[in-house]
Amino acid sequence: MIPTTNNPVSRGNEDQLMLDFANFIAMSSHPEDPRLDVAYSIARYLKLDWPSAWEGNTDG
């Protein structure tokens, strides 16, 4: 997944865009990467535990 700005953010897709971003960070980071804190923060904001955040990824 490559992040793009082609899709406008709206109230309807805001959560999915944040989840996609968190998944992108997690997949492109090594286990001790400080960017993982951002991904975990997004998952907490969305009130997801991390396994359910992974299940919500529809990209593959």
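The values are calculated or read from the model by the stated rules, or taken from the named source; none is laboratory data. What you are looking at is a predicted structure, and each value in this text was computed from that prediction instead of being measured. All Cβ positions, even for glycine, are placed from backbone atoms using ideal geometry, and neighbour counts span all protein chains on display.
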(message) For the range 1-50, give me each residue that is modelled with pLDDT of 85 or more and of a type in the set (Val, Ile, Thr).
(response) ILE25, VAL38, ILE42
(message) So the check is Cβ under 7 Å with 6+ separation or different chains; which pairs have a first residue in the range 27-46 that's over 14 Å from LEU17 (Cβ atoms) and a second one that's among the charged types (D, E, K, R) and surrounded by 11 or more Cβ atoms within 10 Å (Cβ to Cβ)?
(response) SER29/ARG35
